[in-house]
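These notes concern the structure reproduced below.
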Amino acid sequence: MTAELPAPAPSVNPETREFWAATARGRLLLKRCLDCGSVIWYPRAICPECASLRTEWFEASGRGRVYSYTLNHRGEGAYSGAEPYVLAYVELDEGPRLMTNVVEVGAGLAVGLPVEVVFHDTAEGTALPRFRPAAPAS
Ligand SMILES: [Zn+2]
């Protein structure tokens, strides 16, 4: 699998600024609804379950499992030339499913594989959360 993927900077808006600032410090933040308890993904001001505006940030464990994946052989834009690479949904232990890349993985790639977050610096004050096979729990 490709060792280095490009890390193009995301587009940041007022609802995601805190999320992206945290990635640059190696922290994965999620939002939780203070009224219904839902964990909210993607980051936004309003709870998609109950429309509450009372939400708070909390730090995710950074651990989850591969929910689905594909091996992409046709990268476009910044990813052209980086093939093959893994495009995946990772289901976090907290519940949300993130579209992301699985890196540092070989033949062990499978649905259900335990993974942990790593951050790839964009050099523009943000980092992309990606996932690698998790070290065994200590
Ligand atoms: Zn809610």
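Quick one: 3J(HN,Hα) in Hz for the stretch 101-115, Karplus 6.51/-1.76/1.60 with θ = phi - 60°, rounded, Gly and Pro as x.
Per-residue couplings from phi come out as 10, 9, 10, 6, 10, x, 5, x, 4, 6, 4, x, 4, x, 9 Hz.
Select from P6, V118, V39 the residue farthest towards the positive end of the dipole of the chain; place +1 on Cβ of Lys and Arg, -1 on Cβ of Asp and Glu, and compute about the Cα centre.
V39
Using amide H atoms built 1.01 Å from N in the peptide plane, name the residues 5+ places from H120, or on other chains, whose amide H lies under 5 Å from its own.
Sorted by chain and number, the residues that satisfy this are L128, R130.
T16 to H73: FRET efficiency via 1/(1 + (r/R0)^6), r the Cβ-Cβ distance, R0 35 Å, to the nearest 0.05?
0.70
Sorted by average packing, counted as other Cβ atoms within 10 angstrom per residue and highest first, what order do 45-54, 98-107 take?
Peptide ranking by packing, descending: 98-107, 45-54.
Taking all protein chains in place and a 1.4 Å probe, what share, in percent, of the accessible surface of the stretch 17-133 do carbon and sulfur account for?
Carbon plus sulfur share of accessible area: 48 percent.
Quick one: accessible area per residue over the chain, 1.4 Å probe, rounded to a whole number of Å²?
Dividing the accessible area of the chain by its residue count gives 55 Å².
The values are calculated or read from the model by the stated rules, or taken from the named source; none is laboratory data. What you see is a predicted model, and the numbers here were worked out from it, not measured in a lab. A quick note on method: Cβ atoms are made from the backbone with ideal geometry, for glycine too, and the neighbour counts reach across all protein chains shown. Heads up: the accessible areas ignore ligands, DNA and RNA and are worked out on the full protein's heavy atoms, side chains in. Shrake-Rupley method; radii C 1.70, N 1.55, O 1.52, S 1.80 Å.
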